[in-house]
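The values are calculated or read from the model by the stated rules, or taken from the named source; none is laboratory data. For clarity, every value in this text was computed on a predicted model and none was experimentally measured. Note that each Cβ is placed from the backbone with ideal geometry, even for glycine, and that neighbours are counted across all protein chains shown.
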Amino acid sequence: MAYDCAVTRGACVRVALLLAALGLPGLALAGSPDLVAEGERWWTTSPDPANPVACATCHWDAGATRGWAASFPKWKPLPPPAARVMTLFQANAEAVTRHYRLSDPRRAAATITAYLAAQGAGVPRSPGMSAGQPVFPKRLRALAASVERGKALYARRCDACHWAGDVARTLTAYPRVVGGRIESLEEYLELHRGEPLLPWNSQATADLIAYLSEELPR
Amino acid sequence: MTRSAFVAVFTLLSVVLAFAGAGEARTAITGTVKSKAGQPLPGLALLEKGEIHNNVWDRGVLVDASGRFTIELPEGGQYGLHVYSSGYIYAPQAVRVEAGKTLEVSVTLVPEPTRANDPVIKRVGFFPWEARQSKVTFVKLDVADPNDDLGPQVMAFNAATGRVYAMEPPRKVRTLKANFPQGVYQLEIDTSQVPINPRDWHFVIADHRCNTTDILSFPHEPKSPRVIR
């Protein structure tokens, strides 16, 4: 018992230090009303009045979409060769680029991510699987391969400075607002020092987050 | 072997085979299609084999006036089910069917809020290739799109054979995510055994943003689409 407490206390200290290093205290965190409210607007309203089809036009069933955030990272079945494992932010960016024709999809994608995360609050995490949807073994195998790539990448790029368990606990702090700018985890990783560079919409970034997600408790 | 023994063996064999046949449960997808208001909708249910959106089209059926459909399958596995009804945004969903079982699905479609962004089927034609003694017939579809964001879903369905086709674009397209060109799409159909019957053919198009045409059935005379309230 004493050992458990010591471990927990140690982990808490490490997380607090990491959060401080990331500059999180005092920031608007994921689930902040502004991000969620803006995400809901993007979700329900198309920016193009001439083409009013919005996300919610087809995905109107809140019960069906409630489990989406918990199911990421997962294999997105886009037309080949675009199909791959994606984070929720990346999948949202792909969708708003295609449907809303946004030249820079990141703000809409980040706020929709916050909105879907808020909608799915309390839903147990189940990367690769959506509640009420069939389970596809090929997609799970692709996700497992992504986790393995992410683990190797983490060991190469991040492990010297950051313990994966601590970093994993910060995943839910994104998207966040920094200096008035909305930032997703993917954009943060792109700007974070280290080699190789991780573009926010890359497979490598999805792999890294897929691995870190595995480090979170289910 | 005496004749009576032969008859007895033959009868026994027939009974065994009949029971064996009866034991093979069918593999199928069956479903209902309705609007958000609960109104049954007729239309098309078309299948991709394997992962959804892979553009490997397989078979399909007409959805009847009561919104019911059943697609018999040769084997279980993963399929992409796409359901279309005139005036509504098409609905795709990935499904997994177990061999020997029937998967029941429920599809709810939402109307296109405006038809201004829908692709347009301008003309349909069936052209026997005279040089090949009409053993080949080209099915052609003249397609436009106000937003110029067509995708691979320029679909033709032959209800007589149950075959589904993504029609060939007028020129090569780099990837399935690229915007497909406007112009004349075509299919080359082998008519050496069975002549083509235009009454069997149905066409529908959905672009990259899911804007969906009406289903164009025989006599293939395009009409102005109407908004469903």
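Key figures
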| read-out | value |
| --- | --- |
| Test set (1) closer than 20 Å to A:ALA155 by Cβ; (2) touching a Ser or Thr at 6+ places or on another chain (Cβ under 9 Å); (3) hydrophobic (A, V, I, L, M, F, W, C) - A:VAL177 fails condition number | (1) |
| Subset tally (residues that are within 14 Å of chain A (Cβ to nearest Cβ) and either among the aliphatic types (A, V, I, L, M) or in a strand (DSSP E or B) (or both)) for segment B:138-153 | 4 |
| Residue match in segment A:56-74 (condition: within 19 Å of the chain's Cα centre (by Cα), surrounded by 17 or more Cβ atoms within 10 Å (Cβ to Cβ) and within 11 Å of another protein chain (Cβ to nearest Cβ)) | no |
| Total residues in segment A:77-90, condition of a type outside the set (Phe, Trp, Tyr) and buried (at least 20 other Cβ atoms within 10 Å of the Cβ) | 7 |
| Subset of segment B:180-203 that is in a strand (DSSP E or B) and of a type in the set (Val, Ile, Thr) - its residue that is farthest from B:GLY60 (Cα to Cα) | B:VAL184 |
| Residue in segment A:173-183 that is surrounded by fewer than 16 Cβ atoms within 10 Å (Cβ to Cβ), assigned to a loop (DSSP other than H, G, I, E, B) and touching a residue at least 12 places away in the same chain (Cβ under 8 Å) present | no |
| Test: residue in segment A:8-17 that is at pLDDT 50 or above and either surrounded by fewer than 17 Cβ atoms within 10 Å (Cβ to Cβ) or among the charged types (D, E, K, R) (or both) | no |
| Exclusive hit being closer than 26 Å to A:PRO80 by Cα and away from chain A (no Cβ under 12 Å), set B:PRO128, B:PRO169 | B:PRO169 |
| Some residue of segment B:192-200 being closer than 25 Å to B:SER85 by Cβ, basic (Lys, Arg), exposed (fewer than 15 other Cβ atoms within 10 Å of the Cβ) and modelled with pLDDT of 95 or more | yes |
| Residues being assigned to a loop (DSSP other than H, G, I, E, B), surrounded by 15 or more Cβ atoms within 10 Å (Cβ to Cβ) and away from chain B (no Cβ under 14 Å) - total across segment A:120-161 | 7 |
| Count of segment B:81-103 residues which are more than 8 Å from chain A (Cβ to nearest Cβ) and under 21 Å from B:VAL204 (Cα atoms) | 11 |
| Unique residue being farther than 22 Å from B:ASP58 by Cα and either assigned by TED's automatic domain parsing to the domain that holds B:ALA37 or out of contact with any Lys or Arg (no Cβ under 9 Å at 6 or more places or on another chain) (or both) when the list is B:GLU112, B:GLU168, B:GLU98, B:GLU104 | B:GLU112 |
| Hits in segment A:172-198 (condition: aromatic (Phe, Trp, Tyr) and within 13 Å of A:ARG107 (Cα to Cα)) | A:TYR174 |
| Unique residue being closer than 23 Å to B:ILE228 by Cβ, among the small types (Gly, Ala, Ser) and not assigned by TED's automatic domain parsing to the domain that holds B:VAL33 when the list is B:ALA178, B:ALA144, B:ALA159 | B:ALA144 |
| Any hit, segment B:104-119, residues being touching a helix residue (DSSP H, G or I) at 6+ places or on another chain (Cβ under 8 Å) and surrounded by fewer than 20 Cβ atoms within 10 Å (Cβ to Cβ) | yes |
| Pairs, first within 14 Å of another protein chain (Cβ to nearest Cβ) and without any contact (Cβ under 8 Å) to a residue 60 or more places away in the chain in segment B:173-186, second crowded, with 16+ Cβ neighbours inside 10 Å and of a type in the set (Asp, Glu), C-beta under 8 Å, six or more apart | B:ASN179/B:ASP149 |
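A quick yes/no check of all residues on (1) facing chain A (nearest Cβ under 10 Å); (2) under 30 Å from B:GLU221 (Cβ atoms):
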residue	(1), (2)
B:GLU72	no, no
B:VAL105	no, no
B:VAL110	yes, yes
B:LYS122	no, yes
